[in-house]
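To start, the structure under review is shown below, and the notes come after it.
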Amino acid sequence: MSDILSPGGAGVPAAAPASRNLWRALRHDRWAQASAVVIVLVIVTALAAPLLALIEGQDPYTYHTELLDPADGTGAGFLGGISGSHWFGVEPLTGRDLFAVVAYGARTSFLIGLAATAVSVLLGVLLGASAGYAGGWWDTVVSRVTDVLLGFPQLIFMIALGAVAPQSIPRPLLLIAVIGLFSWPRVARVVRAQTLSLRNRDFVKAARALGAGGGHVFRRELLPNLWAPIIVLATVSIPANIGLEAALSFLGVGIPPPTPSWGRSISDAINWVQTDPMFLIFPGAALFIATLAFNMLGDGLRDALDPKTAVRR
């Protein structure tokens, strides 16, 4: 029944032409393709961080104070100690291998960014779609809670919560929960609006008239037509959450040392910009490239899934 009633046309599931149009559009978007390649490389780096550090012969936790310049505490030698044994040089004061720190920091940032995005998208889709489909008092409650959270000074609350939370709570878990719980309202608002526009469409009314239950209508009629905004929202939320983790670590309430984190490395590097700029450039460039790639891929997906853009193509 859902195949016949889908807006994509008789006998054709709604998701099938959408996915074909998506890949067709992305094949013509060189920037989106390049961004996808960069994202894959960064993810591979994060997953293979132990192997890469092993190839280099270092790890992110060993102190090499013998490699520091006694005069200022920076890495002795070329550009902060860059050499065949330390590809990005070493950290000032500690002598830890900077390449291993950046590679392992990708693990931390991506774990928190992806997990927080999964939490926010799951909550946003469930609450936004149910509010838009059910309406009534439930829609009013979800809408008011969404408005309150969107107007709440989130960063200030995150900083305060990170400062007062017991140290027994694992920081990655705390950051995932806090970022995810404060990020779902934006997803919910978009999904609710999309659901409101779909619930009165002819194919939904026809499914109800033929006796389909609410669960069936939601799964087979509404959800396939919500995937496009959900995919775009998830793609653009990941870099935002990675950046938020970096900001919290930069402010001292994120990942504690010695766990590698891009944000904390950038925070530590601020005081060494004049004497050892490479300490800031490497983790800063990694964060910039990752967030830029996700944003550009999100733009490409948005254009590919936009019917107006598809018509122009």
- Which percent of the accessible area of the chain is formed by carbon and sulfur heavy atoms (probe 1.4 angstrom)? 68 percent
- Message: Using only DSSP helix segments of four residues or longer, with each worth -39500 (n - 2.57), what per-residue ellipticity at 222 nm results for the chain after dividing by its residue count and rounding to 500?
- Response: -22000 deg cm²/dmol
- Message: Between the stretch 89-113 and the stretch 264-305, what is the separation of their alpha carbon centroids in Å?
- Response: 13 Å
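Under 8 Å for C-alpha pairs, at least 6 residues apart: give me the relative contact order for the chain, rounded to a whole percent.
Values: 453 pairs, mean separation 78.0, N = 313.
For the chain, the relative contact order is 25 percent.
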- In a shell of Cβ-Cβ distance under 15 Å around Lys205, excluding Lys205 itself, what net charge do Lys and Arg (+1) and Asp and Glu (-1) give? +2
- Packing-wise, with mean Cβ within 10 Å as the measure, how do 226-238, 182-194, 41-53 rank, highest first? 182-194, 226-238, 41-53
- Column: log10 I(q)/I(0), Debye, Cα scatterers of the chain, q = 0.09, 0.12, 0.16 Å⁻¹: -0.57, -0.89, -1.25
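What does the charge dipole of the stretch 48-306 about its Cα centre add up to, to the nearest 20 debye, if the Cβ of each Lys and Arg holds +1 and the Cβ of each Asp and Glu holds -1?
Working: 15 positive and 17 negative charges, 330 e Å.
Taking the Cα centre of the stretch 48-306 as origin, the dipole is about 1580 debye.
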- Message: Could you tell me which residue out of Val142, Gly113, Ala240 lies farthest along the dipole of the chain toward its positive end? Charges go on the beta carbon: Lys and Arg +1, Asp and Glu -1, centred on the Cα centre.
- Response: Val142
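Kyte-Doolittle cut-off -1.0, length cut-off 24 Å along the helix's own axis using Cα: show which whole DSSP H helices in the chain pass.
Details: long enough: 30-47 (26 Å, 1.91); 98-134 (52 Å, 1.65); 171-198 (40 Å, 1.02); 227-250 (34 Å, 1.49); 278-305 (40 Å, 1.33).
Qualifying helices, which must be both long enough and hydrophobic enough, are 30-47, 98-134, 171-198, 227-250, 278-305.
So, counting K/R as plus one and D/E as minus one, what does the shell of residues with Cβ under 9 Å around Ala269 add up to?
Values: positive: none; negative: Glu91, Asp268, Asp276.
Neighbourhood net charge equals -3.
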- Note on the structure: Listed by chain and number, the residues whose amide H is under 5 Å from that of Leu68, excluding neighbours fewer than 5 places away on the same chain and using placed H, are Ala76
- Query: Counting Lys and Arg as +1 and Asp and Glu as -1, what is the net charge of the other residues whose Cβ lies under 13 Å from the Cβ of Ala131?
  - Reply: +2
- To the nearest 20 debye, what is the magnitude of the charge dipole of the stretch 113-207 about its Cα centre, counting +1 on the Cβ of each Lys and Arg and -1 on the Cβ of each Asp and Glu? 140 debye
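The values are calculated or read from the model by the stated rules, or taken from the named source; none is laboratory data. This structure is a prediction, so every number in the text was calculated from the model and none was measured. So basically every Cβ, Gly included, is an ideal-geometry build from the backbone, and we count neighbours across all protein chains shown. Note: areas computed on protein heavy atoms with side chains; ligands, DNA, RNA excluded. Shrake-Rupley method; radii C 1.70, N 1.55, O 1.52, S 1.80 Å.
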